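The values are calculated or read from the model by the stated rules, or taken from the named source; none is laboratory data. Treat the numbers as computed from the prediction; the structure is a model and nothing was measured. Note that each Cβ is placed from the backbone with ideal geometry, even for glycine, and that neighbours are counted across all protein chains shown.
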Amino acid sequence: MVIREFEGKQQASNYQKFRIDTSQEITDLIFSYLEERFPKPHGFAVDAGCGTGQNTRVIAPYFKKVLGIDISETQIEEARKATRSPNVTYSVCPAEEVQVGNTSVDLLTASIAAHYFTIEPFLKEVDRILKPGGCLAIFAYSPSIEVHYKDRSEQITQVFAEMEDHLVPYEHEMTQHLRNGYKEMYKSIPYPDKRRIENIVTKIRVPLSRLLGLIQTFPMFPIFLETKPEEAKEMIRTAEERFLRLMGTSSGETEVEVWLQNVLVLASKPQ
Ligand SMILES: C[S@@+](CC[C@H](N)C(=O)[O-])C[C@H]1O[C@@H](n2cnc3c(N)ncnc32)[C@H](O)[C@@H]1O
């Protein structure tokens with residue numbers, strides 16, 4: 001199933017500019033879990049639903065080879081342009097049918113993507129390609145984002161939440177899995193060694209302009225823009241004015257601190 005939210009060239013280019021890389025906290029949790037179960041050096045990782053490669057590039061230094069896969073050709077095109085690491089390759093293919101050999105993968109990651117996968121065939125595929133002891137790491141941040149700036153955090157977070165409210169009618173039905181903290185995916189994983197960690201808060205400083213870019217990468221935004229172009233542009237314009245007024249600045253380069261609430265599901269295939 002192609003998800004049209006990720007097909008547009010503008011969306012892929014916004015992704016590359018504005019998306020947030022996997023945080024150090026999440027990376028550390030994944031690698032300490034992997035290293036407790038699976039000896040170094042690590043050979044091969046697959047990053048499923050890699051988009052333009054935000055997580056693929058973060059995990060690349062830990063492995064001999066990394067493959068980023070995505071069903072969107074435009075996302076993969078941008079990922080290739082943005083990646084210099086010689087050990088990374090990309091391929092257009094679904095997470096439910098990864099084109100790699102049986103028991104060949106040490107780690108399979110899915111960053112803000114697993115809620116789009118069809119659970120049963122995806123988990124079957126994970127079981128086919130993971131080495132014994134190999135790990136699965138699924139993670140995402142929830143849509144409830146806090147934005148902090150001096151003593152104006154509450155008001156600024158409210159403006160951001162109002163933008164998100166505008167986007168709710170355009171949300172893909174599969175996003176419910178993310179809103180449920182991947183509980184169904186977690187329950188369906190057939191391995192006894194698994195855990196689901198909620199409420200991992202990561203904080204990142206970004207210029208206000210990037211925050212406004214980030215919301216435009218949310219998959220609902222291109223649909224809103226297509227359906228009600230003037231309303232969508234007006235929402236961004238008005239929010240920017242409100243942010244600047246609240247922050248008492250005229251510069252979109254003024255930094256805010258974004259707090260993300262993450263959920264991480266880890267599992268290891270039995271030895
Ligand atoms: C929200 S983006 C996340 C991109 C990136 N991993 C990140 O961390 O920002 C979700 C990505 O999953 C991809 N996707 C959706 N369903 C997929 C599937 N069944 N197999 C592979 N990729 C899929 C979309 O094309 C999109 O690029």
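Any idea how many residues of the range 146-159 are within 26 Å of residue 233 (Cβ to Cβ) and either more than 19 Å from the chain's Cα centre (by Cα) or modelled with pLDDT under 95 (or both)?
Residues meeting the conditions: 7.
Are any residues in the range 123-139 more than 17 Å from the chain's Cα centre (by Cα), of a type outside the set (A, V, I, L, M) and either on the phi > 0 side of the Ramachandran plot or buried (at least 23 other Cβ atoms within 10 Å of the Cβ) (or both), and if so, which ones?
Of everything in the range 123-139, those that are more than 17 Å from the chain's Cα centre (by Cα), of a type outside the set (A, V, I, L, M) and either on the phi > 0 side of the Ramachandran plot or buried (at least 23 other Cβ atoms within 10 Å of the Cβ) (or both) turn out to be 133, 134, 135.
Checking residue 46 against (1) crowded, with 21+ Cβ neighbours inside 10 Å; (2) on the phi > 0 side of the Ramachandran plot: exactly one of these is not met. Which one?
All conditions pass for residue 46, except number (2).
Checking the condition buried (at least 22 other Cβ atoms within 10 Å of the Cβ), within 14 Å of the ligand (Cβ to nearest atom) and touching a residue at least 24 places away in the same chain (Cβ under 8 Å), which residue from 142, 111 passes?
So the residue among 142, 111 that is buried (at least 22 other Cβ atoms within 10 Å of the Cβ), within 14 Å of the ligand (Cβ to nearest atom) and touching a residue at least 24 places away in the same chain (Cβ under 8 Å) is 111.
For residue 31, only one of the following conditions fails: (1) within 26 Å of residue 204 (Cα to Cα); (2) surrounded by 21 or more Cβ atoms within 10 Å (Cβ to Cβ); (3) out of contact with any strand residue (DSSP E or B) (no Cβ under 6 Å at 6 or more places or on another chain). What is its number?
Failing condition for residue 31: (2).
Please go through the range 172-206 and give me each residue that is modelled with pLDDT of 95 or more, surrounded by 12 or more Cβ atoms within 10 Å (Cβ to Cβ) and among the basic types (Lys, Arg), ordered by number.
183, 194, 195, 196, 203
Mind checking whether some residue in the range 82-90 is within 10 Å of the ligand (Cβ to nearest atom) and either polar (S, T, N, Q) or without any contact (Cβ under 8 Å) to a residue 60 or more places away in the chain (or both)?
No; the residues of the range 82-90 include none that is within 10 Å of the ligand (Cβ to nearest atom) and either polar (S, T, N, Q) or without any contact (Cβ under 8 Å) to a residue 60 or more places away in the chain (or both).
Please give the number of the condition residue 46 fails out of (1) modelled with pLDDT of 95 or more; (2) more than 15 Å from the ligand (Cβ to nearest atom).
(2)
Where in the range 146-224 are there helices (runs of 4 or more DSSP H), lying wholly inside it, with at least 2 residues that are over 30 Å from residue 269 (Cβ atoms) and touching a residue at least 24 places away in the same chain (Cβ under 8 Å)?
The helices (runs of 4 or more DSSP H) meeting that bar are 153-167, 208-217.
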